[in-house]
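Structure, as structure tokens:
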Amino acid sequence: MDTTNRAILASGKSRNYRMVIRANSAAGHEVDGYEHLELRPDSWRRQPNLKGRNLTVGQLVWKMTVNGVTPEAAVEEYDLPLSQIEEALAYYRQHRDVVAQDEEDERRRLETVGIIGGAAAADRRVR
């Protein structure tokens, strides 16, 4: 396990997205300034996951929005500490462009394999 906390600069396609992460474990990388979020080294996503969960910031925000769940209710609903939920929401407010780009990339991936509509899906149905 790497505990040297050496700084690594990570950048994505979004011009506003640049953050320093610290390598500190085999599971993921801490997001600088966030205690409860981590970037997964094996993930194509640029947004972080909630530590200890297979859940991205965007997925949490989407679930809370769709289900009309407040941060306080999300503690019970998703079995997460309030501090982790509040931190994820703060990240989302500051980095909406990163989350939106990940959503667009995922939509394109799903279209490519024919899971959702688009040119690739229509082409597969014709064959």
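The values are calculated or read from the model by the stated rules, or taken from the named source; none is laboratory data. All of these numbers come straight from a predicted model, not from anything done at the bench. Positions of Cβ are generated from backbone atoms using ideal geometry, with glycine treated the same way; all protein chains shown enter the neighbour counts.
Taking every residue in the stretch 92-113 that is touching a residue at least 40 places away in the same chain (Cβ under 8 Å) and pairing it with any residue that is of a type in the set (Lys, Arg) and surrounded by 16 or more Cβ atoms within 10 Å (Cβ to Cβ), at least 6 positions away or on another chain, the pairs with Cβ-Cβ distances below 7 Å are VAL98/ARG46; GLN101/ARG46; ASP102/ARG45; ASP102/ARG46. Regarding LEU89, is this residue within 11 Å of the chain's Cα centre (by Cα) and at pLDDT 95 or above? So LEU89 does not fit the description; no. Selection of the stretch 45-59 for residues being surrounded by 22 or more Cβ atoms within 10 Å (Cβ to Cβ) and in a loop (DSSP other than H, G, I, E, B) yields GLN47, PRO48.
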